[in-house]
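The values are calculated or read from the model by the stated rules, or taken from the named source; none is laboratory data. The model shown is predicted, which means the values in this text are computed figures rather than measured ones. Note: ideal-geometry Cβ built from the backbone for every residue, glycine included; neighbour counts use all protein chains shown. Surface accessibility is based on the protein's heavy atoms, side chains included, excluding ligands, DNA and RNA. Shrake-Rupley method; radii C 1.70, N 1.55, O 1.52, S 1.80 Å.
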Amino acid sequence: MNLIVKLKKLERLTTSEQALVDYILDYPGKVIHFSPKELAEHSFVSISTIYRLINKLDLDGLNDLKLALVNDLNEHMTDQIIDIDYPISAEDNHYAMTKKLKTVYEQTLQSTIDINNVEMIASTNLLLKKAKFIDVYASSANIYFAQNFQFQMLEIGKRINVPIDDYTQNLSAANSTPDHLAIVVSYEGRGSSVKKILDILQKNNSQILLITSQNSPLLKEKVAGILLFSSMENHYNKISSFSTRMSLMYLFDRLYLSFFNQDYEKNLAYKLENYQKMNPNLI
């Protein structure tokens with residue numbers, strides 16, 4: 001039976017269980033991206049209420065509930081909502097894979113936009129404007145996105161430091177001052193190195209812009225600004241980090257646009273003039 005129909009037919013629910021059912025029916029598109037804690041907070045019920053309802057639906061867990069919701073929603077949408085962690089199946093042809101990856105990107109971008117409100121973006125703009133020096137601390141594949149941001153900023157004359165190995169990251173943090181803006185990228189803050197870097201930066205009174213996920217323990221840290229990854233993806237159980245990478249690329253591009261737009265005409269002229277110097281035959 002269709003899960004939405006099943007939810008509507010449930011009887012003998014407690015007040016909190018009914019409130020949860022009502023929330024799921026009103027916002028199924030949001031529920032499919034929530035963790036148990038997020039669903040509890042948004043629907044104003046306890047986590048135990050969530051699992052009581054799941055038992056009454058004869059489901060094995062929240063992931064089963066979300067998958068059933070996805071299947072129901074897909075029946076009524078032109079652009080399907082799909083499993084972010086496993087967007088394709090072994091039977092998919094090239095056309096299906098192309099369409100599904102496009103959907104992953106679209107959902108990720110919308111999710112990233114939704115969780116980073118205008119006030120958050122405005123505060124990061126101010127941090128970029130005030131900073132005399134900018135350092136970006138990232139690890140693993142996120143370093144490549146940091147380096148792309150470094151390249152973008154260099155094109156308009158702003159030098160960015162992207163230390164790569166642990167030693168140079170710690171050294172850069174130790175050299176940091178209140179005039180530095182440190183952009184620290186960590187999806188869930190699991191590594192010990194990122195906490196150490198944050199401690200050093202805080203002791204030096206450096207400004208910190210944290211890019212992390214909604215469930216990250218790093219959100220408890222004292223920082224000047226926060227941007228959030230889209231948190232739809234499982235950290236390990238997935239085909240690849242399609243969603244996380246797209247989310248981070250968007251955030252760095254958004255930072256670049258914020259900086260560029262502070263002096264639009266000047267930055268555009270600077271970039272075009274330098275390209276002309278490097279390529280004098282260009283018209």
Hey, LEU101 under 21 Å from the mean Cα position of the chain (by Cα), open to solvent by less than 70 Å² (accessible area, probe 1.4 Å) and either within 25 Å of ASP114 (Cβ to Cβ) or not hydrophobic (A, V, I, L, M, F, W, C) (or both) or not: yes
Any pair with Cβ under 8 angstrom, 6 or more apart, that starts in region 254-283 at a residue that is within 23 Å of ASN116 (Cα to Cα) and open to solvent by 50 Å² or more (accessible area, probe 1.4 Å) and ends at one that is assigned to a helix (DSSP H, G or I) and of a type outside the set (S, T, N, Q): ARG254/ILE121; GLN262/LEU128; GLN262/LYS129
For LYS6, work out the one condition from (1) of a type in the set (Lys, Arg); (2) surrounded by 13 or more Cβ atoms within 10 Å (Cβ to Cβ); (3) without any contact (Cβ under 8 Å) to a residue 40 or more places away in the chain it doesn't fulfil. (3)
Out of the residues in region 122-139 that are part of a loop (DSSP other than H, G, I, E, B) and open to solvent by 10 Å² or more (accessible area, probe 1.4 Å), state the one that is nearest to GLN262 (Cα to Cα). ALA131
Does region 190-213 contain at least one residue that is at pLDDT 95 or above, in a helix (DSSP H, G or I), within 25 Å of SER247 (Cα to Cα) and among the hydroxyl-bearing types (Ser, Thr, Tyr)? no
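Listed here are the residues, each with its yes/no results for (1) of a type in the set (S, T, N, Q); (2) assigned to a loop (DSSP other than H, G, I, E, B); (3) farther than 17 Å from PHE242 by Cα.
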position: LYS30; (1), (2), (3): no, no, yes
position: THR49; (1), (2), (3): yes, no, yes
position: LEU67; (1), (2), (3): no, no, yes
position: MET97; (1), (2), (3): no, no, no
position: ASP114; (1), (2), (3): no, no, yes
Between residues in region 20-48 that are in contact (Cβ under 8 Å) with a residue 24 or more places away in the chain and residues that are open to solvent by less than 30 Å² (accessible area, probe 1.4 Å) and in a loop (DSSP other than H, G, I, E, B), which pairs lie under 8 Å by C-beta distance while being six or more apart or on different chains? LEU20/VAL45; GLY29/ILE81; ILE32/ILE81; HIS33/SER231; HIS33/MET232; SER35/SER231
Is region 32-51 home to any residue that is open to solvent by less than 70 Å² (accessible area, probe 1.4 Å) and over 27 Å from SER213 (Cβ atoms)? no
